[in-house]
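J.: First the structure, which I've put down as structure tokens, then a few questions once you've had a look.
The values are calculated or read from the model by the stated rules, or taken from the named source; none is laboratory data. Note that the coordinates shown come from a computational prediction; the quantities given were computed from them, not determined experimentally. No Cβ is skipped: glycine too gets one built from the backbone with ideal geometry, and neighbour counts run over all protein chains shown. Areas reflect the complete protein model, heavy atoms only, side chains present, ligands, DNA and RNA absent. Shrake-Rupley method; radii C 1.70, N 1.55, O 1.52, S 1.80 Å.
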Amino acid sequence: MSEPLASPPSFDAIIIGAGIAGMYQLYRLRELGLSVQVLEAGSGVGGTWYWNRYPGARFDSESYTYGYSFSEELLQEWNWSEHFAAQPETLRYLNHVADRFELRPHIRFNSRVTAARYDEASRRWEVTLQTGERFLARFLITAIGPLSADTLPRVPGIQDFRGESFHTSRWPREPVDFAGKRVAVIGTGATGVQVIQTIAPLVGQLTVFQRTPNWCTPLHNRKITEEEQARIKANYPAMFELLRRTPGCYIHDTDPRSTFDVTPEEREAFWEKLYSEPGFGIWMANFRDVLTDPKANALFSDFVARKIRQRVKDPATAEKLIPKNHGFGTRRVPQETFYYEAYNLPHVRLVDLQEEPIERVTETGIRTSAAEYEFDMIIYATGFDAITGSFDRIDIRGVGGLPLKEKWAEGPKTYLGLMSAGFPNMLTIVGPHNASTRCNIPRCIEQNVEWITALLRNARDRGITRFEATPEAEAEWSRHIEELAAGMLYTQVDSWATGVNRNVEGKDVRRILQYQGGAPQYRAKCAEVAESGYAGMVLA
């Protein structure tokens with residue numbers, strides 16, 4: 001006789017993803033005494049910092065502003081070596097957190113989630129892995145990241161190439177040898193910039209295929225001295241209070257002046273100062289109207305364009321590296337270290353795909369409309385199906401079997417960026433319409449996690465087994481999202497932040513995906529909902 005099928009293991013909560021968000025949510029739910037299972041596709045913790053091992057991967061938030069803030073002991077015992085730490089150090093940090101707080105026993109690795117279905121009768125989610133294994137939970141929490149669904153360019157022949165090829169977010173663990181090799185890099189977003197500047201001195205020949213140039217500004221990274229280390233640790237309380245006040249939870253705050261409140265000489269001096277300083281100050285601490293007033297934005301874009309022309313020796317190459325279809329800061333600003341100087345090396349070539357698009361990848365390299373290029377290695381720095389893409393890759397079905405992908409086909413519909421009507425007991429950390437996607441992300445992750453934890457504590461204490469956003473509250477939140485984005489220049493630009501990705505079929509219409517009111521206002525909105533007894537939600 002055949003053995004009866006075993007019932008799927010059941011938990012109070014399942015968390016998808018063991019990155020920064022999933023680990024912290026696990027820590028907080030374990031404090032509540034809930035049974036929790038984390039399902040992680042990778043073989044280790046770290047999320048973004050587990051998958052993105054490519055050469056040059058590092059923070060563009062100051063290291064000490066990025067780490068978790070929930071434990072004073074952790075803050076004091078961990079020493080960041082650089083102001084902007086590299087990926088290996090960040091991954092060591094996250095492994096240290098997992099070990100220090102004994103998180104691993106609750107994480108199942110090599111467990112890629114392919115489906116999640118809500119059962120109204122039992123008020124439970126059934127979660128299915130790629131292997132076919134199933135799990136049950138009252139609550140489902142997604143911690144799958146806004147930039148985790150990697151994409152390749154939509155050109156034929158990618159599988160035909162006989163040399164080495166890598167997508168940056170699926171970089172191998174073993175060292176990659178660049179010496180003497182003919183290397184192609186496709187893509188010049190933040191990842192491509194980091195790769196290009198890092199490997200340019202190492203390769204025999206480097207050809208960069210650029211579709212859209214980006215406005216890049218200097219990172220100005222350096223080691224943290226012992227004196228700085230002591231000062232940072234003594235200043236953590238004040239620093240975290242500052243981070244709670246700034247719109248993006250960075251140590252940089254918007255200058256209250258308008259671009260036109262000062263003389264041209266004062267303006268130029270201020271911009272020179274920002275350009276010489278480390279980090280995102282040049283983006284986040286600029287004049288208040290640079291991201292909203294086209295004239296102010298054009299002036300600053302001209303300033304950065306002059307810097308590019310000064311740094312790139314060949315005028316024709318410099319012009320190709322200067323964006324013509326968007327102003328500064330309307331797309332994500334890559335932070336760089338001698339990126340532009342890489343194009344001054346004699347063995348580095350820039351191919352403008354607006355002039356000669358790629359026709360196909362061949363067995364030996366890449367064919368464009370103008371030439372055949374032979375390579376030993378192709379690196380795809382072609383990014384992600386951002387914000388909603390990671391949700392699309394899981395078959396998530398709510399009440400009545402409604403697919404989330406179908407509900408969000410014309411753009412995401414959420415309440416607080418944390419839940420979606422018709423999907424009871426499901427919560428989304430760093431989801432669409434959430435402040436986290438335009439934020440020093442761990443700071444906003446902590447707010448998301450703490451709000452979710454308070455909701456589940458409330459549900460536990462009151463015996464609530466089902467909660468859901470109302471369609472009316474969801475519609476009102478969507479109107480709020482649209483209102484906040486009105487007047488922002490970024491909404492007029494095609495980018496992953498507006499849901500446009502030419503590498504993904506159907507992602508060709510601009511949508512409002514992010515909360516633009518700033519982290520303090522978002523935090524206040526979420527707190528108001530909780531303090532009102534969770535207005536806009538049905539709890540039963």
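J.: Would you pick out the residues in the range 452-477 that are open to solvent by 20 Å² or more (accessible area, probe 1.4 Å), within 27 Å of residue 14 (Cα to Cα) and assigned to a helix (DSSP H, G or I)?
T.: The answer is 454, 457, 458, 460, 461, 462, 471.
J.: Is it the case that some residue within the range 435-448 is in a strand (DSSP E or B) and surrounded by 22 or more Cβ atoms within 10 Å (Cβ to Cβ)?
T.: no
J.: Considering only residues that are part of a loop (DSSP other than H, G, I, E, B) and within 16 Å of residue 485 (Cβ to Cβ), which ones fall in the range 505-520?
T.: 509, 510, 511, 512, 513, 514, 515, 516, 517, 518
J.: Something else: Restricting attention to the range 101-114, which residues are surrounded by fewer than 16 Cβ atoms within 10 Å (Cβ to Cβ) and part of a loop (DSSP other than H, G, I, E, B)?
T.: Once the filter is applied, which keeps residues that are surrounded by fewer than 16 Cβ atoms within 10 Å (Cβ to Cβ) and part of a loop (DSSP other than H, G, I, E, B), the range 101-114 yields 102, 109, 110, 112.
J.: Right, next: With respect to residue 294, determine if the residue is open to solvent by 60 Å² or more (accessible area, probe 1.4 Å) and touching a residue at least 12 places away in the same chain (Cβ under 8 Å).
T.: So residue 294 passes the test.
J.: Among (1) among the small types (Gly, Ala, Ser); (2) modelled with pLDDT of 95 or more; (3) within 18 Å of the chain's Cα centre (by Cα), there is one condition residue 435 misses while meeting the rest; what is its number?
T.: Of (1) among the small types (Gly, Ala, Ser); (2) modelled with pLDDT of 95 or more; (3) within 18 Å of the chain's Cα centre (by Cα), only one is false for residue 435: (2).
J.: For residue 68, state whether it is at pLDDT 95 or above, within 28 Å of residue 277 (Cβ to Cβ) and surrounded by 15 or more Cβ atoms within 10 Å (Cβ to Cβ).
T.: So residue 68 fits the description; yes.
J.: Looking only at residues that are more than 18 Å from residue 44 (Cα to Cα) and of a type in the set (Phe, Trp, Tyr) in the range 71-100, which one is most open to solvent (accessible area, probe 1.4 Å)?
T.: Going through the qualifying residues, I end up with 78.
J.: Identify, from the list 377, 419, the residue that is open to solvent by less than 20 Å² (accessible area, probe 1.4 Å), over 25 Å from residue 126 (Cα atoms) and touching a residue at least 40 places away in the same chain (Cβ under 8 Å).
T.: The unique qualifying residue is 377.
J.: I'm trying to understand the selection: among the residues of the range 201-231, which are among the hydrophobic types (A, V, I, L, M, F, W, C), under 21 Å from residue 335 (Cβ atoms) and either assigned to a loop (DSSP other than H, G, I, E, B) or without any contact (Cβ under 8 Å) to a residue 60 or more places away in the chain (or both)?
T.: Selection gives 202, 215, 216, 219, 224.
J.: Let me ask you something else. Taking the options 117, 138, name whichever one is in contact with a helix residue (DSSP H, G or I) (Cβ under 9 Å, 6 or more places away or on another chain), at negative phi, assigned to a strand (DSSP E or B) and open to solvent by 70 Å² or more (accessible area, probe 1.4 Å).
T.: 117
Yes/no matrix, rows are residues, columns are (1) over 29 Å from residue 166 (Cα atoms); (2) at pLDDT below 95; (3) surrounded by fewer than 21 Cβ atoms within 10 Å (Cβ to Cβ):
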position	(1), (2), (3)
300	yes, no, no
309	yes, no, yes
327	yes, no, no
352	no, no, yes
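J.: Residues to consider are 56, 33, 42, 46; find the one that is in a loop (DSSP other than H, G, I, E, B), of a type in the set (Gly, Ala, Ser) and either open to solvent by 40 Å² or more (accessible area, probe 1.4 Å) or in contact with a His (Cβ under 7 Å, 6 or more places away or on another chain) (or both).
T.: 33
J.: Residue 256 versus (1) within 23 Å of residue 499 (Cβ to Cβ); (2) without any contact (Cβ under 8 Å) to a residue 40 or more places away in the chain: which is the lone unmet condition?
T.: (1)
J.: Sort out which residues of the range 90-123 are under 30 Å from residue 74 (Cα atoms) and either in contact with a Pro (Cβ under 8 Å, 6 or more places away or on another chain) or free of Cβ contacts under 8 Å to residues at least 12 places away in the same chain (or both), and write them in order of number.
T.: Across the range 90-123, the qualifying residues are 92, 99, 102, 105.
J.: Those residues that are of a type in the set (Val, Ile, Thr), surrounded by 22 or more Cβ atoms within 10 Å (Cβ to Cβ) and more than 20 Å from residue 428 (Cβ to Cβ), I need them from the range 141-169; list them, please.
T.: Result: 168, single match.
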